[in-house]
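A.B. asks: Have a look at this one before I ask anything.
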Amino acid sequence: DPHSPGMTILTCAWMESEWLSSLGPEAKGKFRAKRYMDDLICFFIKINSWNYEKFVEELTRSECYMPPLKLVEGKPGTFLENEFEITTANSVRYWLKNEADANFAWKYAHADSHAAFAQKKATLIACLKKIDKLVSDKGALHHSAYKKLGEFLRLGYPKTILKKACARVAWETSNQNWISIRNLI
């Protein structure tokens, strides 16, 4: 049904609201959670003055969601299409998953395929723009961009096309880091 995604979002939001109203103010200030459709990510602090173990136990027991819904633990350090790490400065560093990371790979048309050149070029540029949006810092951008560009190189895309795509993404996003990435191809 075309209404299913919206109903899922509303149902999860209602259950989360009910669950949040059962928590005391001391707990509410000690975690942050975000949901995309039916995927949830939660960060919490570990301090002795708060029983974070009980919080995690209740959350993982799915007390937040009514049956038949239940939380299923994902792989550590991943959320949707991203990987992340918590740095020593207690900030979150994130980047787009790539082919060489955990055998994750998108399937793109080979440069010699019968697909229209405009379609292949648009796919390449869209991939680079996605990387631009789904990274936290310059280092993560360079890491993800080199992996993705390497994937397109293995598919036979000429370096000149990849360089032009980087220049276009630099221009369209106003992120000049793409120029240094282009120069290293």
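The values are calculated or read from the model by the stated rules, or taken from the named source; none is laboratory data. Just so we're clear, the structure is a prediction, and the values are computed from it rather than from any experiment. Note: ideal-geometry Cβ built from the backbone for every residue, glycine included; neighbour counts use all protein chains shown. Note: accessible area is taken over every heavy atom of the protein model, side chains too, but ligands, DNA and RNA are not part of it. Shrake-Rupley method; radii C 1.70, N 1.55, O 1.52, S 1.80 Å.
A.B. asks: Considering every residue within the range 103-113, establish whether at least one is over 30 Å from residue 34 (Cα atoms) and either assigned to a helix (DSSP H, G or I) or of a type in the set (Asp, Glu) (or both).
C.D. replies: Scanning the range 103-113, I find at least one residue that is over 30 Å from residue 34 (Cα atoms) and either assigned to a helix (DSSP H, G or I) or of a type in the set (Asp, Glu) (or both), so the answer is yes.
A.B. asks: Scan (1) farther than 22 Å from residue 110 by Cβ; (2) open to solvent by 40 Å² or more (accessible area, probe 1.4 Å) for the single condition residue 141 breaks and write down its number.
C.D. replies: (2)
A.B. asks: Consider residue 40 carefully, then state whether it is in contact with a helix residue (DSSP H, G or I) (Cβ under 9 Å, 6 or more places away or on another chain) and closer than 23 Å to residue 90 by Cβ.
C.D. replies: Working: in contact with a helix residue (DSSP H, G or I) (Cβ under 9 Å, 6 or more places away or on another chain): yes; closer than 23 Å to residue 90 by Cβ: yes.
The answer is yes for residue 40.
A.B. asks: Quick one: which residue in 111, 116, 27, 122 is of a type in the set (A, V, I, L, M), surrounded by 14 or more Cβ atoms within 10 Å (Cβ to Cβ) and under 30 Å from residue 177 (Cβ atoms)?
C.D. replies: Within the list 111, 116, 27, 122, the selection yields 111.
A.B. asks: Given the options 133, 46, 97, 34, name the one that is loosely packed, with under 11 Cβ neighbours inside 10 Å and in contact with a strand residue (DSSP E or B) (Cβ under 6 Å, 6 or more places away or on another chain).
C.D. replies: 34
A.B. asks: Report every pair of residues separated by at least 6 positions or lying on different chains whose Cβ atoms are under 7 Å apart, first residue within the range 1-19 and without any contact (Cβ under 8 Å) to a residue 60 or more places away in the chain and within 13 Å of residue 40 (Cα to Cα), second open to solvent by less than 70 Å² (accessible area, probe 1.4 Å) and assigned to a helix (DSSP H, G or I).
C.D. replies: none
A.B. asks: Given the condition in contact with a strand residue (DSSP E or B) (Cβ under 6 Å, 6 or more places away or on another chain) and either surrounded by 10 or more Cβ atoms within 10 Å (Cβ to Cβ) or among the aromatic types (Phe, Trp, Tyr) (or both), answer yes or no: does some residue in the range 68-77 qualify?
C.D. replies: Checked the range 68-77: at least one residue is in contact with a strand residue (DSSP E or B) (Cβ under 6 Å, 6 or more places away or on another chain) and either surrounded by 10 or more Cβ atoms within 10 Å (Cβ to Cβ) or among the aromatic types (Phe, Trp, Tyr) (or both).
A.B. asks: I've got another one for you. Would you mention how many residues in the range 124-171 are under 21 Å from the mean Cα position of the chain (by Cα), of a type in the set (D, E, K, R) and in a helix (DSSP H, G or I)?
C.D. replies: Counting residues in the range 124-171 that are under 21 Å from the mean Cα position of the chain (by Cα), of a type in the set (D, E, K, R) and in a helix (DSSP H, G or I) gives 8.
A.B. asks: Restricting the range 78-89 to residues that are more than 18 Å from residue 138 (Cα to Cα) and open to solvent by 50 Å² or more (accessible area, probe 1.4 Å), which is modelled with the lowest pLDDT?
C.D. replies: Filtering first and then ranking leaves 81.
A.B. asks: Same structure again: Quick one: what pairs do we get from the range 144-157, first residue within 17 Å of residue 82 (Cβ to Cβ) and open to solvent by 10 Å² or more (accessible area, probe 1.4 Å), second small (Gly, Ala, Ser) and modelled with pLDDT of 90 or more, C-beta under 7 Å, 6+ apart or different chains?
C.D. replies: Taking only residues 6 or more apart or on different chains, not a single pair turns up.
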